[in-house]
Amino acid sequence: MIDLDSEKIHEKCGVLGVFLDKSEKSNALAETCYYGLLALQHRGKEASGIAVCNEGKFKTYKGLGTVSSVFNKEILSTLTGNVGVGHVLYSNKTVEAKDVEPFVSSSVYGDVAVSHNGALTNYSELRKNLLESGESFVSESEAEIVAKLIVKHSKNRFEKALTEAVQMLQGSFALVVAKEDALIGARDTRGIRPLVLGKLKNGWVLASETSALDAIDAEFVRDVNPGEIVIITEDGVLSFEFGDNKVKQTCLFEYVYFARPDSVIDGISVQEARLRLGATLAKEAGVEADVVIGVPDSGLGAAMGYANATGIPFAFGIVKNRHLNSNTISQKEKSNYFIKLNVVKSDIEGKRVVIVDDTFPSLQTANHLVSLLKKAGAKEIHYRVASPMIKSLCNFGIDIPAGKQEISENYSEEALAKKIGASSIGFVSVEGILGSLEDIIPENFGYCTNCFRHFE
């Protein structure tokens, strides 16, 4: 058996920052961070942490595991303050406690806490330079790099030190930074990683997705723009740009898979994007069938879009076991595909089935999915994918299993369908995925398609 999660394309992390009026009860901050992080849990389940500032000093609590397994009411009651940052972690390597964010560093400005989402392509260079200048590190966290860079430029006023530090970063990043009297957000100049600004009745919020704002009853204000720094204080929100942000390229996987369907990324509803992708998939790779189903959960939106476009009935078809606790079940159970998913036989038996996935998984995973449907009595199984074939690995922080690249290199669609036991297989084209969003793309925005194009 296989670990379903290991075959998925993964995002690095989710970040959150909260700034409350000083008149607010101090224990409200940690609870607000907690519920905001719960709404970002899909972006990373390996570790989570919260750091809050009280009287100029940060208190941090973090650990390995999901938000609900790391924190409880007793722990949250000890995290008092009015400004803080939170983090949920996905990592493509074994996570060690020392690498869990947020990361706190001392400076002439007082303690500074940093949470980071993305991948710094010049991480090794920055770390080497900082080591040579006399800095020491306790982790391999990219957030620690950012904190050290801010400290390095501390001879300047804070805003200038922050700007100079951010300008040294290459790659993708969404940052939330906190100090005693301010909450700061910054987004890479391409806008690859999302970051939004929200307003509470008693303060402000920065988060990776709007779903986090909804969870804590915050009003969406706007997206943080690519190449923008926002500084939140008691006086309000200050904003300024840094670097060259002429090329704006949000990662397409935010719409295909990463983000929650109830989120809005750069002005585009994620659910609307998935419905559109499904309709385009039907147009480019439609087939006669009796029922359309989606691979839960992120394949469901595209499956609905496919069904709406073709008039073929939509059914759930496959049910996900939502009562598995990744922190308590055994490794053997984690790797058992049939524990995670089950088929609604009445939706499948004797029917020609279109199964829609967000991305193509491994050959083994796809084969298991097809086997589940065959076992339930499917007459035909047509595998459809609401994104193009992966042709290159990503250097901007997306963990793409190498096997996905190898599939595109070694298999035609006909051979791939035969390999997984499906009647046929089809993908959305690069032109199709871009065309799906064309009329709702914000002005001067584009999308990163590097992983789909490298071998063309």
(message) Going residue by residue through the stretch 64-77, is there one that turns out to be within 21 Å of Ser208 (Cβ to Cβ), part of a helix (DSSP H, G or I), out of contact with any Asp or Glu (no Cβ under 8 Å at 6 or more places or on another chain) and in contact (Cβ under 8 Å) with a residue 40 or more places away in the chain?
(response) yes
(message) Taking the criterion of being surrounded by fewer than 24 Cβ atoms within 10 Å (Cβ to Cβ), at pLDDT 95 or above and over 25 Å from Asn444 (Cα atoms), would at least one residue in the stretch 223-230 satisfy it?
(response) no
(message) Against the definition (among the polar types (S, T, N, Q), surrounded by 20 or more Cβ atoms within 10 Å (Cβ to Cβ), closer than 18 Å to Asn117 by Cα and under 17 Å from the mean Cα position of the chain (by Cα)), how does Ser48 come out, yes or no?
(response) yes
(request) Could you please find all residues in the stretch 413-431 being under 13 Å from Leu369 (Cα atoms) and surrounded by fewer than 17 Cβ atoms within 10 Å (Cβ to Cβ)? (result) Lys419, Gly421
(request) Go through (1) modelled with pLDDT under 95; (2) closer than 27 Å to Lys148 by Cβ and name the single condition Asn202 misses. (result) (2)
(message) The conditions are (1) modelled with pLDDT under 85; (2) touching an Asp or Glu at 6+ places or on another chain (Cβ under 6 Å); (3) exposed (fewer than 15 other Cβ atoms within 10 Å of the Cβ), and Ser330 fails exactly one of them. Which is it?
(response) (2)
(message) Tell me the residue from Gly278, Gly286 that is surrounded by fewer than 18 Cβ atoms within 10 Å (Cβ to Cβ), over 15 Å from Phe173 (Cα atoms) and assigned by TED's automatic domain parsing to the domain that holds Asp358, please.
(response) Gly286
(request) Run down Phe220, Phe240 and say which single residue is in a strand (DSSP E or B), in contact with a Gly (Cβ under 7 Å, 6 or more places away or on another chain), of a type outside the set (Lys, Arg) and surrounded by fewer than 24 Cβ atoms within 10 Å (Cβ to Cβ). (result) Phe220
(message) Tally up the residues in the stretch 166-179 that are buried (at least 24 other Cβ atoms within 10 Å of the Cβ) and either out of contact with any strand residue (DSSP E or B) (no Cβ under 9 Å at 6 or more places or on another chain) or within 21 Å of Thr60 (Cβ to Cβ) (or both), please.
(response) 6
(request) Could you run through the stretch 391-418 and say how many residues are in contact with a Ser or Thr (Cβ under 6 Å, 6 or more places away or on another chain), in a loop (DSSP other than H, G, I, E, B) and modelled with pLDDT of 80 or more? (result) 1
(request) Using the structure shown, decide if Gly185 is on the phi < 0 side of the Ramachandran plot and either among the hydroxyl-bearing types (Ser, Thr, Tyr) or within 19 Å of the chain's Cα centre (by Cα) (or both). (result) yes
(message) Could you check the stretch 201-215 and list, in sequence order, the residues that are surrounded by fewer than 21 Cβ atoms within 10 Å (Cβ to Cβ), assigned to a loop (DSSP other than H, G, I, E, B) and touching a residue at least 60 places away in the same chain (Cβ under 8 Å)?
(response) Asn202
(message) Just to verify a result, which residue in the stretch 243-267, among those that are polar (S, T, N, Q) and more than 30 Å from Asp181 (Cα to Cα), is surrounded by the most Cβ atoms within 10 Å (Cβ to Cβ)?
(response) Thr250
(request) Could you check, for the stretch 100-111, whether at least one of its residues is closer than 22 Å to Glu180 by Cβ, in a strand (DSSP E or B) and of a type in the set (Asp, Glu)? (result) yes
(message) Taking the conditions exactly as written (in contact with a helix residue (DSSP H, G or I) (Cβ under 6 Å, 6 or more places away or on another chain), within 22 Å of Val52 (Cα to Cα) and either surrounded by 19 or more Cβ atoms within 10 Å (Cβ to Cβ) or among the hydrophobic types (A, V, I, L, M, F, W, C) (or both)), does Ile150 satisfy them or not?
(response) yes
(message) I need a count of the residues in the stretch 114-139 that are surrounded by 14 or more Cβ atoms within 10 Å (Cβ to Cβ), in contact with a Lys or Arg (Cβ under 8 Å, 6 or more places away or on another chain) and not hydrophobic (A, V, I, L, M, F, W, C).
(response) 4
(request) Keeping to the stretch 29-51, report how many residues are assigned to a helix (DSSP H, G or I) and either without any contact (Cβ under 8 Å) to a residue 12 or more places away in the chain or within 12 Å of Val15 (Cβ to Cβ) (or both). (result) 4
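The values are calculated or read from the model by the stated rules, or taken from the named source; none is laboratory data. Everything quoted here is computed from the prediction, not taken from an experiment. Here Cβ is always computed from backbone atoms with ideal geometry, including for glycine, and neighbour counts include all displayed protein chains.
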